[in-house]
1. Starting with the fewest neighbours, write out Asp7, Asp145 ranked by other beta-carbon atoms found within 10 Å of each beta-carbon.
2. How high is the FRET efficiency between Lys124 and Asn43 when r is their beta carbon distance and R₀ equals 30 Å, given to the nearest 0.05?
3. Once the Cβ-Cβ distance between Asp145 and Ala54 is put in as r, and R0 is 35 Å, what FRET efficiency do you end up with, to the nearest 0.05?
4. Give the residues of the stretch 95-110 whose amide nitrogen is closer than 19 Å to a point set 7 Å from the Cα of Met88 in the direction of its Cβ.
5. Provide the gained length on full extension for the span Gln5 to Gln135, in nm with one decimal, where the gain is 0.36 nm per separating residue minus the Cα-Cα distance.
6. Over 21 Å between Cα atoms: which of Lys6/Lys48; Lys48/Lys124; Lys65/Lys124; Lys48/Lys137; Lys6/Lys124 fall into that group?
Amino acid sequence: MFYIQKDEIRLMPAGYDGKTELYKYDDICYLGEARLWENLEENSLNFKVEWKGAVAGEISLHSIKWFNRKGMLTLFIYPEFQGKGLGMASLKMLIGFCFRVLNLYRLEAEIVEGNEASLRLIEKLGFRREGTLRQAKYLNGRFFDIYVYGLVRPEWENFNIY
């Protein structure tokens with residue numbers, strides 16, 4: 001097991017029991033894939049977002065397609081921790097991990113219509129809107145569109161905020 005940490009923010013594997021040895025990001029860059037994961041068939045990595053020792057949210061890389069070197073990101077920062085820059089910092093950390101360590105080539109995100117904060121965040125990170133899944137999310141008795149975003153490694157490498 002491992003964790004990803006920068007400054008006061010730490011991404012801990014979901015379900016971590018506190019007994020397993022963890023590796024810091026700088027250490028795991030040099031480990032082989034077999035040392036990091038027992039089974040590379042797994043298609044998700046789920047983390048708790050910790051800030052100053054408190055669990056502030058959840059972030060994950062899921063729907064991983066190892067052969068195609070792509071995956072989908074999701075993020076949820078608990079309401080009492082929103083507006084502190086944790087979403088931006090957590091996504092930057094996970095995106096860097098995906099491209100540098102996991103050697104992925106493409107990342108995707110889906111944002112529900114009306115979630116303006118997430119739309120601004122994902123666009124600030126260099127993701128491009130690639131399409132719309134029309135009326136694909138049912139919420140509170142109504143259907144909403146889902147906007148599909150993508151980021152490929154060359155765009156990320158040329159994007160100056162990382």
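Each reported figure results from applying straightforward, stated rules to the coordinates on display, with no laboratory input. All values derive from a computational prediction rather than experimental measurement. Positions of Cβ are backbone-derived with ideal geometry, glycine not excepted, and every protein chain shown enters the neighbour counts.
1. On the way: Asp7 8, Asp145 15.
Fewest-to-most ranking of Asp7, Asp145: Asp7, Asp145.
2. Numbers: r = 27 Å, r/R0 = 0.91.
Taking R0 as 30 Å, the efficiency between Lys124 and Asn43 is 0.65.
3. 0.55
4. Taking a point 7 Å out along Cα→Cβ of Met88, the residues of the stretch 95-110 whose backbone N falls under 19 Å are 95-97.
5. 43.1 nm
6. Lys48/Lys124; Lys65/Lys124; Lys48/Lys137, as the Cα separations exceed 21 Å there.
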